[in-house]
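Asker: Just passing along the structure, written as structure tokens.
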Amino acid sequence: MNIKHVSTAFFQGLVPIFFLTLFWQTRIDPFSRYEVYDYLIPFVYLSDILLITLLILTTINKPNWLIQQIKQNKWLGIGWGTFLVVAFIGIISAIHPIGALYKFAKLLLYCLFVFWIIEISARWSINRILSIVGVGLAPLAIVGWIEFLNGQSLGLQLIGEWRFTVQTPGVAKTILFGHEWLRAYSVFPHPNVYGGVMAAFGLIFIHRALSARIKNDLLLFRIFLIFSVIFIVSVMVSFSRSALIGLCVGSLLYVPLMIQIIRRRQLALFEVVSGGIVFIGISAVLVSRIIALFGWDYLSFLRRQGLNTIAVNMWLDSMWVGVGLSQFISKLDSYWHALGFARYVQPVHNIFLLILVETGIIGFVSFWLGIIMSIVKKRSTVILPLYSLFILIGITGMIDHYWWTLQSGMLMLFLTFGLSLSTITIDKRE
């Protein structure tokens, strides 16, 4: 048996494991600061190790696969190639070069991830990939429920859970019925990240449930409905305002499907009642979180506004190529004094501003032009739930940073990009 046969067999077995554990946060901290999350600590994640292994196996089986994909997706190749050059140049002048180099390596890996998804899409369809990821994500969703009810983490450090209780200083909490409750983290670094990823898969499985109901496939409908409820409830216990809003707005794309089901009178009374309960639950949580924003949680609004102001000023000082990847935090002290309230060490809570600050006009335009033009070119084959994901990412990305700064957020963002550019092959097959 030659090396290609061995690598092919290994590849076929490793792909489902990779997607099944995609959002595990299993990691190694080379600097032994496991208890504190620092945006500049170069964690080594299991998902990255698996992805690098898969890229190597793909290259062994087909040495020219990447060149072929770049030729077939020229907008993406030129745009992201330019972006990566600008990002690499930024390392030279970075205040924290290790952080900049680490972020560059992550972005390079995830750009390759997108091309790799396109490459394997002839054999691994979008539904197959999303089903595997969804099955792996559902237990993590339930971990978040138990944390919320129990008020502490469950000791699952093997899959990346952080150690905390509701009394831990700085931990994310909410107030319900006059008492403090721990917001669900699961294995994610913050409830907003947990909520964002769960909202994404909630949108995916809502669409799959509605599609199965239209086809009158009751078994698939019930399976997808169960997954939808798991992910929707998870968004609720995350208490993430942006994820809740993104879930609701993204779901509006499914209104024609809902109308079609209603006209066919396919809904049972139980389904109508269940839908009503979920709607009331989401509305109640969202209203309570919006009210909190004008009360005890008003400081989070002020901080976001302050970081936005700093981001604009920082960009004006480095308009063309930016301040460098992961350098926003390192440069905060030079700008924070003008705002008049306590220093807050976080990236700006807006991925569009953050990319602009880090890579300047050249990097920002080349990155987004590359992906947007590639998707526009294949717009007739991009399926509906992926458009709903772009709405979710757009809404949450304007008021948070995790799609660009944190492992699970970056994986979700680039997974969405890859699947969006793969659907032309998938549609022909399915």
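Every number here is computed from the coordinates shown, using simple stated rules; none is lab data. Everything quoted here is computed from the prediction, not taken from an experiment. With ideal geometry, Cβ positions are generated from the backbone for all residues, glycine too; neighbour counts draw on all protein chains shown.
Asker: For segment 328-398, rounded, prolate or oblate, judged on the Cα gyration tensor with a ≥ b ≥ c (square roots of eigenvalues), a/c < 1.5 rounded, else prolate if a/b > b/c? Present the calculation step by step, with values, prior to reporting the outcome.
Answerer: On the way: a/c = 5.02, a/b = 2.15, b/c = 2.34.
Oblate.
Asker: Helix-derived [θ] at 222 nm for the chain: sum -39500 (n - 2.57) over DSSP H runs of at least 4, divide by residue count, nearest 500? Walk me through the numbers on the way to the answer.
Answerer: Values: 18 runs with 290 residues, N = 430.
Helices in the chain give a 222 nm mean residue ellipticity of -22500 deg cm²/dmol.
Asker: From the Cα gyration tensor of segment 100-193, with a ≥ b ≥ c the square roots of its eigenvalues, which class applies: rounded if a/c is under 1.5, or else prolate if a/b is larger than b/c, or else oblate? Before the final figure, lay out each step's value.
Answerer: Values: a/c = 3.04, a/b = 1.85, b/c = 1.64.
Taking the square roots of the gyration eigenvalues as a ≥ b ≥ c, segment 100-193 is prolate.
Asker: Tell me, how many Å apart are the Cα centres for segment 73-122 and for segment 390-417?
Answerer: One Cα centre to the other: 16 Å.
Asker: Determine the dipole magnitude for the chain: charges of +1 sit on the beta-carbon of Lys and Arg, -1 on that of Asp and Glu, nothing else is charged, the reference point is the Cα centre, and the result goes in debye to the nearest 20.
Answerer: With only Lys, Arg, Asp and Glu charged at Cβ, the dipole is about 1220 debye.
Asker: Follow-up. Cβ neighbours within 10 Å, averaged per peptide: list 125-133, 176-184, 111-119, 370-378 in order, most packed at the top.
Answerer: Details: 125-133: 19.3, 176-184: 14.8, 111-119: 22.2, 370-378: 17.4.
Going from most to least packed, we get 111-119, 125-133, 370-378, 176-184.
Asker: Can you give the Rg to Rh ratio for segment 126-296, taking only C-alpha atoms and Rh from Kirkwood?
Answerer: Numbers: Rg = 16.8 Å, Rh = 16.8 Å.
Over the Cα atoms of segment 126-296, Rg/Rh equals 1.00.
Asker: Taking a temperature of 25 °C and a viscosity of 0.890 mPa s, what whole-number D in µm²/s does Stokes-Einstein yield for the chain with Rh from Kirkwood over alpha carbon pairs?
Answerer: After rounding, the answer is 108 µm²/s.
Asker: Among Phe104, Leu299, Phe224, which residue has its Cα furthest toward the positive end of the charge dipole of the chain, with +1 on Lys/Arg Cβ and -1 on Asp/Glu Cβ?
Answerer: Result: Phe224, furthest along the dipole toward the positive end.
Asker: Something else: What order do you get for 319-331, 158-170, 228-240 when each peptide is scored by the mean count of other beta carbon atoms within 10 Å, highest first? Provide the component values of the computation, followed by the final result.
Answerer: Numbers: 319-331: 21.8, 158-170: 14.3, 228-240: 24.9.
In decreasing order of mean packing, 319-331, 158-170, 228-240 become 228-240, 319-331, 158-170.
Asker: Can you tell which of Phe201, Ser238, Phe148 lies farthest toward the positive end of the dipole of segment 126-296, using +1 and -1 charges on the Cβ of basic and acidic side chains (Lys, Arg; Asp, Glu)?
Answerer: Phe201
Asker: Mind ranking 219-226, 351-358 by how tightly packed they are, going by the mean number of other C-beta atoms within 10 angstrom, highest first?
Answerer: On the way: 219-226: 16.0, 351-358: 23.4.
Sorting 219-226, 351-358 by mean packing, highest first, produces 351-358, 219-226.
Asker: Evaluate the charge dipole of segment 126-296 about its Cα centre and quote only its size in Debye, nearest 20, assuming +1 on the Cβ of each Lys and Arg and -1 on the Cβ of each Asp and Glu. Intermediate values should be presented prior to the final figure.
Answerer: Numbers: 13 positive and 5 negative charges, 107 e Å.
Roughly 520 debye, rounded to the nearest 20.
Asker: May I pose another question? Assuming a ≥ b ≥ c are the square roots of the Cα gyration tensor eigenvalues, decide whether segment 197-244 counts as rounded (a/c under 1.5), prolate (otherwise, with a/b larger than b/c) or oblate.
Answerer: Prolate is the answer for segment 197-244, as a/c is 1.5 or above and a/b outweighs b/c.
Asker: At a Förster radius of 30 Å, what calculated FRET efficiency corresponds to the Cβ-Cβ distance of Gln167 and Val44, to the nearest 0.05? Before the final figure, lay out the partial values.
Answerer: Numbers: r = 31 Å, r/R0 = 1.02.
So, using R0 = 30 Å, E works out to roughly 0.45.
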